[in-house]
Amino acid sequence: MTTTVPAKTLTPVTPIQQSLREQAATRIRTARPDLAARHDLTSYDGLTAAQGDIAAEDDAGTLATVVLRNFDLARWVRDTCVFALGIPPEQAADWRTSFTRTVFLAGNPAQLQERFTFAHMADDQSAAWTTPGPAAQTSSLRRLLKLFQGPAGVPARPDTLVEIPDGHSPPLRPRTRRGLYVATAGCTISQALVHVNHVLAEAVLDGLIVPGDHLVLHQVPRIVGVPARLARVRVTTEKHLPGRLKAAAALTEETPVA
């Protein structure tokens with residue numbers, strides 16, 4: 001008797017999933033064309049394999065370090081942009097190639113500024129950033145402090161306008177406004193830091209955010225039905241849905257500021 005083996009059924013890729021794959025693939029191609037050449041970035045398996053290669057590099061490449069005393073998302077968004085805007089071009093290019101890798105540490109920046117050099121410190125000294133560089137450059141700081149632990153969920157808050165300081169310099173272009181969306185469902189503060197950091201840092205380094213721009217921070221359960229086109233998306237895997245991706249944070253296309 002001949003047994004017929006049914007053909008393998010492939011799960012259809014929805015338009016949303018296809019868009020997320022394209023966003024993730026574009027990010028990899030922009031930063032690391034060599035990874036794009038090694039993996040099929042049109043497939044879920046290819047994308048996750050490329051992400052595995054990135055994770056395996058560990059301390060290779062360039063990283064920035066942030067010391068956090070306490071955390072307020074809107075204030076941190078502003079200062080993250082200010083920090084990224086001030087990075088010298090050579091360090092910015094190296095950091096971009098390393099996917100804007102950042103380590104978050106728990107500590108009091110005010111008590112560390114005499115021992116360590118920071119590229120930017122928040123006005124209220126709640127956070128401080130080191131210039132992106134080789135991992136060895138901040139190894140003593142990272143040995144001294146523990147990783148920032150924010151296991152709680154991202155708290156709900158109304159939409160918040162964040163204005164990026166213009167430094168009283170001539171504008172590079174007319175000011176624009178963008179929406180910054182953060183998906184809060186199942187997201188801890190620590191995870192939100194990582195997601196939003198990548199979206200903002202890469203948008204700044206690519207010229208999408210400049211001094212004087214406005215960001216409207218939206219904290220929503222999931223990033224669906226956003227009433228604007230998305231310029232950048234932080235794409236991650238769905239923890240409980242193998243083979244699927246989700247948008248963890250996103251930046252919309254710009255609109256003029258009156």
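The values are calculated or read from the model by the stated rules, or taken from the named source; none is laboratory data. Note that the structure is a prediction, hence the values are computed from the model and not measured. So basically every Cβ, Gly included, is an ideal-geometry build from the backbone, and we count neighbours across all protein chains shown.
Is it the case, given these coordinates, that Val235 is closer than 26 Å to Leu68 by Cα, among the aliphatic types (A, V, I, L, M) and either surrounded by 20 or more Cβ atoms within 10 Å (Cβ to Cβ) or touching a His at 6+ places or on another chain (Cβ under 6 Å) (or both)?
On the way: closer than 26 Å to Leu68 by Cα: yes; among the aliphatic types (A, V, I, L, M): yes; either surrounded by 20 or more Cβ atoms within 10 Å (Cβ to Cβ) or touching a His at 6+ places or on another chain (Cβ under 6 Å) (or both): yes.
Yes; evaluated as a whole, the condition is true for this residue.
Please pick out the residue among Ala106, Ala119, Ala128, Ala92 that is within 16 Å of the chain's Cα centre (by Cα), at pLDDT 95 or above and under 27 Å from Leu215 (Cα atoms). So that I can check it myself, show each step before the final result.
Values: Ala106 fails: within 16 Å of the chain's Cα centre (by Cα); Ala119 fails: within 16 Å of the chain's Cα centre (by Cα); Ala128 fails: within 16 Å of the chain's Cα centre (by Cα).
Going through Ala106, Ala119, Ala128, Ala92 in turn, the sole match is Ala92.
Please count how many residues of the range 122-133 are crowded, with 19+ Cβ neighbours inside 10 Å and not hydroxyl-bearing (Ser, Thr, Tyr). Talk me through it step by step, then tell me what you get.
The initial filter retains those residues of the range 122-133 that are crowded, with 19+ Cβ neighbours inside 10 Å, namely 122, 126-132.
Among the residues that remain, those that are also not hydroxyl-bearing (Ser, Thr, Tyr) are: 122, 127-129, 132.
Number satisfying all stated conditions: 5.
Let me confirm something: among Leu161, Leu193, which residue is under 22 Å from Arg234 (Cβ atoms) and either among the charged types (D, E, K, R) or crowded, with 19+ Cβ neighbours inside 10 Å (or both)? Step through it out loud before you land on a result.
Working: Leu161 fails: either among the charged types (D, E, K, R) or crowded, with 19+ Cβ neighbours inside 10 Å (or both).
Exactly one of Leu161, Leu193 is under 22 Å from Arg234 (Cβ atoms) and either among the charged types (D, E, K, R) or crowded, with 19+ Cβ neighbours inside 10 Å (or both), namely Leu193.
Being over 14 Å from the mean Cα position of the chain (by Cα) and at pLDDT 95 or above is the filter; apply it to the range 66-77 and report the residue that is surrounded by the fewest Cβ atoms within 10 Å (Cβ to Cβ). Lay out the reasoning, then the answer.
Quick first cut of the range 66-77, residues over 14 Å from the mean Cα position of the chain (by Cα) only: 67-72, 74-75.
Restricting the remaining residues to those that are at pLDDT 95 or above gives 67-69, 74-75.
Working: Val67: 29, Leu68: 21, Arg69: 17, Ala74: 14, Arg75: 17.
Per the criteria, the residue is Ala74.
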